[in-house]
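In what follows, a structure is listed as structure tokens, so that the remarks can point back to it.
The values are calculated or read from the model by the stated rules, or taken from the named source; none is laboratory data. Because the structure is predicted, anything quoted here is derived from the model rather than measured. Here the Cβ is made from the backbone with ideal geometry for all residues, glycine too, and neighbour counts use every protein chain on show.
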Amino acid sequence: MTGLRLFSGRSNPALAARIAAYLGLPLGRAQLDDFPDGEISLKLLDDVRGCDAFVIQSTCPPGNKHLMELLIFIDCLKRASAKRITAVIPYFGYARQDRKDEGRVPITAKLVANLLTTAGADRVLTLDLHAHQIQGFFDIPVDNLSAEPVMSAHISAMNLGPVTLVSPDVGNVKRARIYANHLGGDLAIIDKRRVSGSETQTMAIIGDVRDKTVLMIDDIIATGGTIVQACEVVRRHQAKRIIVGATHGVLCGQAVERLRKAPIDHIAITDTIPLADGVCEQLPQLQVLTVSELMGEAIRRIHRNESVSSLFMK
């Protein structure tokens, strides 16, 4: 594809390589290093003048470093005279503070949007934003893909039979309903109350899960508290089998230990965030799905000025 150049930061080089392989293109050459004091050094080793540049970088832990690296990469491409710069952010961090719901708190999702635009990004391509309204924080085009086709294909291949889609909280009902419509099945909702930023208290379930295969889909598994509590609730209500899916496996804090002990039969996450060493061994029920083809096809369509939304038309 003439004029298309792909670059990768250091947050998820494996996913970047898979995207490049899908497109049949090499990753652009760049020299990324750290100064002794921790500052990031970058030099492009390829000419990008007049090209359509895509830089692939999840803002996953360590989020501050990976975000700063992305901003520096965008600035470097801009100063090297790239014609258009698209920030490909499989996992968009700082998205959970997307509104001012109490006094004296920031709106970090808007702050990151401002930083990306100021750095010189012309477009953003991301996957399953924590809240859809974050797209409105940008004054540049944003393509927010959904991992639903990848996750639904995986669930369908498992031949589970009839499933009940359970939303682990009220805010996730829309996502659960999309899966229920595409996979078939009933819908149930967990009534969850948040105690603090790291602690939730799950109250009850709205709907019937007795003797049913439960499918629980969320956008993020961070500490695992929400999803594990929800699984314990449906198990107490005598669910027969519990399948958990999430787009972004942040898996921080005690998440791996919590998931290992939880009554979960199968967990599916995507490769938007690389897993720490040993996670797959500790969680034998875990399967990682790749979104490289989905994101690669979106990149191809953006480069060709074709529709991205038609990827999800059924």
Report task. Could you tell me whether Pro90 is in contact (Cβ under 8 Å) with a residue 60 or more places away in the chain, in contact with a helix residue (DSSP H, G or I) (Cβ under 7 Å, 6 or more places away or on another chain) and under 22 Å from Leu145 (Cα atoms)? Result -> yes
Query raised in the report: under 17 Å from Gly225 (Cβ atoms) and either surrounded by fewer than 23 Cβ atoms within 10 Å (Cβ to Cβ) or outside the structural domain of Gly225 (by TED's automatic domain parsing) (or both): does that describe Ala298?
Result: no
**Report entry** Of all residues making up segment 264-295, the number that are of a type in the set (Asp, Glu) and surrounded by 17 or more Cβ atoms within 10 Å (Cβ to Cβ)
**Finding:** 1
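I'd like to know if segment 216-226 contains one or more residues that are acidic (Asp, Glu) and under 14 Å from Val166 (Cα atoms).
Taking segment 216-226 first, the residues acidic (Asp, Glu) are 218-219.
Among the residues that remain, those that are also under 14 Å from Val166 (Cα atoms) are: 218-219.
Checked segment 216-226: at least one residue is acidic (Asp, Glu) and under 14 Å from Val166 (Cα atoms).
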Query raised in the report: Which of the residues spanning segment 128-138 are out of contact with any Ser or Thr (no Cβ under 6 Å at 6 or more places or on another chain) and either modelled with pLDDT of 95 or more or under 18 Å from Arg301 (Cβ atoms) (or both)?
Result: Leu129, Ile134, Gln135, Gly136, Phe137, Phe138
Query raised in the report: Taking segment 25-36 as the region of interest, how many residues are among the charged types (D, E, K, R), in a loop (DSSP other than H, G, I, E, B) and in contact with a strand residue (DSSP E or B) (Cβ under 6 Å, 6 or more places away or on another chain)?
Result: 0
Query raised in the report: What pairs can you find where one residue is in segment 36-55 and farther than 19 Å from Ile19 by Cα and assigned by TED's automatic domain parsing to the domain that holds Leu77, the other is surrounded by 10 or more Cβ atoms within 10 Å (Cβ to Cβ) and polar (S, T, N, Q), and their Cβ atoms are less than 6 Å apart, with a gap of 6+ or different chains?
Result: Arg49/Ser81
Report task. Filter segment 213-228 down to the residues that are touching a Pro at 6+ places or on another chain (Cβ under 8 Å) and either assigned to a helix (DSSP H, G or I) or of a type in the set (S, T, N, Q) (or both), then identify the one that is surrounded by the fewest Cβ atoms within 10 Å (Cβ to Cβ). Result -> Thr213
Query raised in the report: Within segment 244-263, restricting attention to residues that are touching a helix residue (DSSP H, G or I) at 6+ places or on another chain (Cβ under 8 Å) and buried (at least 22 other Cβ atoms within 10 Å of the Cβ), which residue is nearest to Ile190 (Cα to Cα)?
Result: Val244
Query - Residues satisfying the stated conditions in segment 266-303, i.e. basic (Lys, Arg) and in contact (Cβ under 8 Å) with a residue 40 or more places away in the chain - result: Arg300
Query raised in the report: Counting only residues that are over 22 Å from Gln287 (Cβ atoms), at pLDDT below 90 and in contact with a Lys or Arg (Cβ under 8 Å, 6 or more places away or on another chain), how many does segment 182-228 have?
Result: 4
